[in-house]
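First comes the structure, then the notes that go with it.
The values are calculated or read from the model by the stated rules, or taken from the named source; none is laboratory data. Since we're looking at a predicted model, the values are computed, not measured. A quick note on method: Cβ atoms are made from the backbone with ideal geometry, for glycine too, and the neighbour counts reach across all protein chains shown.
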Amino acid sequence: MSPSSLIKFLESKFARSIPNMQWPIRPADPSRGLPDGATVVIVGGGLAGSCFARLLLMLCHKENKRINIYLVNSTGCNYCGGLVTNIAQEAMKRLYKLNIPENLVLEKINSCVYVNREGHVKIELPRLITATLRTSRFGVTGFDDSIKHRILEGMEDCTKTSTFTRIEPTIVKRIIPPDGESKKWRVVLSRRRPNGSPDELLADLVVLATGFNSLDKPMINRFMQSTGFKPPPVLRACVTEIDTSTARYNRVGQQVYMIDGIVPGSILAFIPKGKNWLTLTSLNKVLSFEDLQTLFNHPVVKEIIDLPNPAECLRCHVICPSFVFTGPSRCFYGDGWVAVGDLAGYGRVLKDGYLAAFVGAWYAVHTVFYHGTSRTHFARYYHRPLRRFNRENLLGIKLFNFNMFIGRQKWFNRLLLAAAKEERQKNPYGWAIHAAFRGLQTGLLPYLLISLLFVLGLFRYVLRHPFQAWRIIFCRGKENHSEIKKTIFSAARKII
Ligand SMILES: Cc1cc2nc3c(=O)[nH]c(=O)nc-3n(C[C@H](O)[C@H](O)[C@H](O)COP(=O)(O)OP(=O)(O)OC[C@H]3O[C@@H](n4cnc5c(N)ncnc54)[C@H](O)[C@@H]3O)c2cc1C
């Protein structure tokens with residue numbers, strides 16, 4: 001078996017697939033779930049809220065049940081981003097019977113480039129990844145918006161059995177739990193009735209899908225106080241869209257770039273979105289304009305693109321701060337309410353929020369439709385299947401933190417690049433290190449395997465090229481032996 005076929009074997013053997021969505025949903029009995037004529041109010045029309053609405057309508061149609069569904073969405077800017085992995089596309093197709101329309105596709109990404117302060121290396125991807133915009137604010141339909149507008153696609157006649165109403169743009173101001181007199185939730189809207197009082201909806205089930213945009217808003221704070229809801233732990237992030245038409249040269253091509261440590265304390269990504277269009281995302285840091293300058297002035301980045309005044313090329317003139325979850329919420333459902341999408345914090349950390357939203361909404365809808373809307377039902381049929389992510393996520397965060405630490409060391413950056421380049425010289429598909437980077441990009445491999453592949457690739461390089469490795473680690477740069485020893489020991493302690 002040649003080295004690359006061993007790696008290909010490992011990649012296909014351990015590739016993640018969409019979970020088996022049957023277990024533990026059976027026995028599925030529509031008479032047990034939401035009663036006929038019940039009202040469901042979904043607060044937030046991002047990916048999770050829209051998918052929840054669509055699937056609930058699909059099930060109503062299939063089982064001939066009548067449910068009144070309201071989707072209330074405030075159409076603020078929903079950040080950029082929009083890289084849809086193959087596994088997320090498959091989930092979208094299989095679970096929601098939706099494809100990505102061609103007019104949404106801005107670029108098909110065929111490879112990825114890992115960049116650190118010492119250079120860069122190209123990594124082949126097994127399949128094309130689709131780049132889209134999330135919102136439609138730039139004159140091109142956004143991916144998230146397109147799902148919201150296709151909630152009824154292919155089942156227009158289902159509204160004969162159920163009703164579906166989208167209320168937009170409207171902000172939900174308050175969600176008031178049932179009290180002694182009323183058994184219904186009151187969802188208070190920003191829009192007003194003709195008599196001037198705030199409009200409100202009465203609901204049997206409230207679905208909270210307002211994403212991280214809503215954190216720290218009075219509505220969520222009150223909801224937390226009244227229900228015990230706890231948002232998941234988060235990491236700072238940011239995103240901006242860059243017009244690259246003024247670049248002196250641009251070699252980005254159809255490649256996505258993982259830019260590690262060039263702006264200290266962050267991992268960035270360049271995602272191409274067609275001609276003259278680049279999305280820049282950052283994990284662990286909200287970038288300032290000075291950080292932008294640092295990034296584009298760095299000699300390694302300058303080999304890829306030379307953009308003299310990046311701060312003047314931002315399409316919205318701002319860098320939008322945002323969050324990504326780093327673990328699960330400790331309380332995200334109760335009697336008659338459930339949080340889905342980002343606010344549940346269940347999914348693979350630092351990767352594939354879309355897939356998490358698709359899978360989470362699927363379990364939540366099946367729970368309410370076939371089992372019930374009590375805390376016990378959510379615990380058994382929604383929470384339990386999502387728990388599979390927990391252990392893997394702990395490792396994912398450890399790997400991220402370890403990289404933030406060790407990535408500050410010049411020798412480590414050089415060693416990683418030397419090992420990855422040596423793999424590529426032998427075979428463009430590379431070996432273990434390439435597979436690890438590929439796994440990070442496609443979201444297909446578990447974090448445990450990714451970590452092992454990195455270790456394997458580095459060990460192999462050190463064993464095969466001890467002299468070069470020795471020179472890289474000990475002889476070049478400013479570090480001295482005791483510093484390196486200290487780094488290795490404290491890195492090992494961090495992992496343990
Ligand atoms: C910068 C950034 C880039 C990302 N890029 C990617 C990527 O490339 N690929 C990927 O797979 N994942 C990505 N993610 C993660 C992914 O976008 C999210 O995990 C996913 O969109 C979560 O969907 P959601 O429906 O839970 O929340 P959101 O998409 O945030 O939707 C929440 C919705 O609720 C509405 N809302 C908020 N408050 C109220 C209110 N009070 N009343 C009514 N409506 C309200 C908002 O307007 C919004 O429409 C990215 C995340 C960030 C922050």
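If Lys62 satisfies every condition in (1) closer than 30 Å to Glu423 by Cβ; (2) away from the ligand (no atom under 16 Å from the Cβ); (3) of a type in the set (D, E, K, R) but one, which is the exception?
That leaves (1) as the condition not met.
List pairs: first in region 383-397 and closer than 15 Å to Ala356 by Cβ, second among the basic types (Lys, Arg), Cβ under 9 Å, 6+ apart or cross-chain?
Phe389/Arg348; Glu392/Arg348; Asn393/Arg348; Gly396/Arg348; Gly396/Lys351
If the requirement is being within 13 Å of the ligand (Cβ to nearest atom) and out of contact with any Gly (no Cβ under 6 Å at 6 or more places or on another chain), which of these qualifies: Ala237, Ala247?
Ala237
Leu95 passes all but one of (1) assigned to a strand (DSSP E or B); (2) more than 13 Å from the ligand (Cβ to nearest atom); which number fails?
Looking at each condition in turn, Leu95 falls short on (1).
Could you tell me which numbered condition Cys77 fails, if it satisfies all but one of (1) within 19 Å of the chain's Cα centre (by Cα); (2) surrounded by 20 or more Cβ atoms within 10 Å (Cβ to Cβ)?
Every listed condition holds for Cys77 apart from (2).
Just checking: which of the helices (runs of 4 or more DSSP H) contained wholly in region 395-481 hold 1 or more residues that are among the aliphatic types (A, V, I, L, M) and within 30 Å of Ser17 (Cα to Cα)?
Output list reads 410-426, 432-442, 447-464.
Show me the strands (runs of 3 or more DSSP E) found entirely inside region 147-215 where at least 2 residues are near the ligand (Cβ under 10 Å from one of its atoms), under 24 Å from Thr373 (Cα atoms) and of a type outside the set (A, V, I, L, M, F, W, C).
Per the criteria, 172-176.
Taking region 119-152 on its own, how many of its residues are surrounded by 19 or more Cβ atoms within 10 Å (Cβ to Cβ) and either within 18 Å of the chain's Cα centre (by Cα) or more than 19 Å from Leu444 (Cβ to Cβ) (or both)?
Qualifying residue count, region 119-152: 17.
Quick check: is even one residue across region 29-49 in the same structural domain as Ser162 (by TED's automatic domain parsing), in a helix (DSSP H, G or I), surrounded by fewer than 22 Cβ atoms within 10 Å (Cβ to Cβ) and more than 16 Å from the ligand (Cβ to nearest atom)?
no
Does any residue in region 29-57 that is over 25 Å from Ser190 (Cα atoms) come within less than 7 Å, Cβ to Cβ, of a residue that is within 16 Å of the ligand (Cβ to nearest atom) and among the aromatic types (Phe, Trp, Tyr) six or more places away or on a different chain, and which pairs are these?
Leu55/Tyr96; Leu55/Trp362
Can you tell me which residue in region 71-87 is modelled with the lowest pLDDT, limited to those that are over 17 Å from Lys273 (Cβ atoms) and within 11 Å of the ligand (Cβ to nearest atom)?
Once the filter is applied, the top-ranked residue is Gly76.
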